[in-house]
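Each remark here refers to the structure printed beneath this line.
Values quoted throughout were computed directly from the atomic coordinates according to the rules given, and no laboratory measurement underlies them. What you see is a predicted model, and the numbers here were worked out from it, not measured in a lab. Here the Cβ positions follow ideal geometry from the backbone for every residue, glycine too, while neighbour counts run over all protein chains shown.
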Amino acid sequence: MGAGAWWLFERQSRELERVASLPTMVSIARFDDGGRPLGVERTLRIHRSDDEWRKRLAVDEFQMTRRADTELAYTGAYWNFHEDGLYRCVCCGSALFESRTKFDSGTGWPSFSEPIARENVVESPDATFGIRRTAVACTLCGGHLGHLFDDGPPPTGMRYCINSAALRFVGRAG
């Protein structure tokens, strides 16, 4: 990459980071660690610089959530994990999925038939690598979680294919 191209890339990256840091209100469904709903609240979306995220996250967590990377199949902590509880965002702690909706998809990634609350995830088109699919991110912090596919089990028929590194499991509290 030439000096001019690098300068342009850096300038565009700084501008994207600036725009992403502007205050945005979002609705988030809150849940206690027992999975009981606490209500939906309007709050400011969490914005942090890459340097701030790097200080808070492990390298693999940063790569998956802030760079939309994908962990290798059958390597994540939760692909073959069967405890009862909630899966929260590793970046901000928002409740994302329940163990009751987790299923073995045979893909090597944790798979869920639906999120714990529609408000807590954002779905967007993703055409990276020339593949048409739907990216899934955390509503509160914008962290990339994985992708959504329409080959899941009934009743939803959906498969939220999520990186383990994007999740923090919390065992169900009484």
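Sort 64-75, 104-115 by the packing proxy (mean of other Cβ within 10 Å over each peptide's residues), most packed first. Walk me through the intermediate numbers first.
Details: 64-75: 15.7, 104-115: 19.2.
Ranked by mean Cβ neighbours within 10 Å, highest first: 104-115, 64-75.
Using alpha-carbon pairs under 8 Å, 6+ residues apart, how would you state the relative contact order of the chain in percent? Walk me through the intermediate numbers first.
Details: 343 pairs, mean separation 40.2, N = 174.
Computed over the chain, the figure is 23 percent.
Stokes-Einstein D for region 23-81 at 37 °C, 0.692 mPa s, Kirkwood Rh over Cα pairs, in µm²/s?
Numbers: Rh = 14.3 Å.
Rounded to a whole number, D works out at 230 µm²/s.
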Provide the descending list of Cα extents for the chain along its principal axes, expressed in whole angstroms. 55, 34, 27
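Summing Lys, Arg as +1 and Asp, Glu as -1, what charge do residues with Cβ under 9 Å from the Cβ of Gln63 carry, Gln63 excluded?
On the way: positive: Arg66, Arg67; negative: Asp60, Glu61, Asp69, Glu71.
Counting the neighbours of Gln63, the net charge comes to -2.
Provide the net charge surrounding Arg30, with neighbours chosen by a C-beta distance below 13 Å and charges set as Lys +1, Arg +1, Asp -1, Glu -1. Don't skip to the end; give the middle numbers.
Numbers: positive: Arg36, Arg42, Arg88; negative: Asp32, Asp33, Glu41, Glu119.
Around Arg30, the charge tally is -1.
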Give, in nm to one decimal, the length gained when the segment between Arg54 and Asp126 is fully stretched (0.36 nm per residue of separation minus the Cα-Cα distance). 23.5 nm
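Below 12 angstrom from the Cβ of Ser94, what's the summed charge of the other residues (Lys, Arg +1; Asp, Glu -1)?
Neighbour charge sum, excluding Ser94 itself: +2.
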